[in-house]
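Laboratory data are not the source of any read-out in this text; all were calculated from the coordinates shown. All of these numbers come straight from a predicted model, not from anything done at the bench. Please note: Cβ atoms are built from the backbone with ideal geometry, for glycine as well, and neighbour counts cover all protein chains shown.
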Amino acid sequence: MVQAAASGMGATAESVRQRIISMVERGALKPGDRLGAERDLAEHLGVSRSTLRQALASLEGSGVVRRVPGRSGGIFVAPGKVDRDLSRIVGVPTLLRDQGFTAGSRVVSVAVMVAGAEAADALGIDPDDFVVDLVRIRLADGSPISLEHARFPADLVPGLPERDLSGSIYELIDEAYGLRPDTATETMEVVGAAPLEASILGIEAGSPLLSITRTTHDAAGRAFEFSRDLFRSDRTRISVRVQGAPKSESARLRGRRVELVPPPD
């Protein structure tokens, strides 16, 4: 519970907002901590409920806190955001571990099927060629963070469906098949969560998701992965490291391309 401030009376919504943010940043309030019911919280902070509501509305809008309805509900510090660094080609487990989260996965489905037009175009194969189709839920500290749908040319990863797919797929295919990511092209856009996606990720239908479509190549230039990941936008932050102008055209073209696509009207 947030402790009362001796100088709480007369506080503005902005000062209350900054005070709660400061407590989160220095660790006095941790992800998942309960701030308390609105009435109790206003009393402890020494502010009016209308002032508190303004501060909480701003904090909720920026993802710092979340409201949970019901008898056992209240106002909670929101889970920490995952920094999705588009400058690195790493699997989600590595990404999470590097940021102090406990990574986990649930396999929704895995099957061998024909590629179809979209995956075939991305992977440089025929639409009738077979791919391993893998759908997984990725977890951060036990909570769903993303829904992953990846396809791999079946002839490059024989027997993949029979392997343990609960960990890093990049580490697995590197060890088992000698396929290591070298370059990737990613397209990112904001989409609304379909009802099934929302149910899987524990959010409201229509909530914004970060959709990242990726085609990954090895050092020999072979496309070995085509995937589309749906990340919860309230749990994810996107970052990209950039450099100054390269000295050559080949350097300019080497590496990863990130394309930002605006949401549809």
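Extending 7 Å from Cα along the Cβ direction at Val190 and again at Glu14 yields two label points whose distance is 2.5 nm. Under 5 Å from the amide H of Ala193 lie the amide H atoms of Gly206, Ser207, Leu209, each residue being 5 or more positions distant or on a separate chain, with H modelled from the backbone and absent for Pro and chain starts. Multiplying the residue separation of Asp182 and Asp126 by 0.36 nm and subtracting their alpha-carbon distance yields 17.9 nm.
Gyration tensor over the Cα atoms of region 13-77: the corresponding equivalent ellipsoid has semi-axes (square roots of 5 times the eigenvalues, largest first) of 15, 15, 11 Å. The distance between label points at Ser50 and Arg26 comes to 3.1 nm (points 7 Å beyond Cα on the Cα→Cβ vector). If a spin label sat at a point 7 angstrom from the Cα of Val114 along the line to its beta carbon, no backbone N atom of region 153-180 would be nearer than 13 Å.
For Arg241 and Arg163, a Förster radius of 35 Å and the Cβ-Cβ distance give a FRET efficiency of 0.60, rounded to the nearest 0.05. Multiplying the residue separation of Asp141 and Arg39 by 0.36 nm and removing their Cα-Cα distance gives an extension gain of 33.7 nm.
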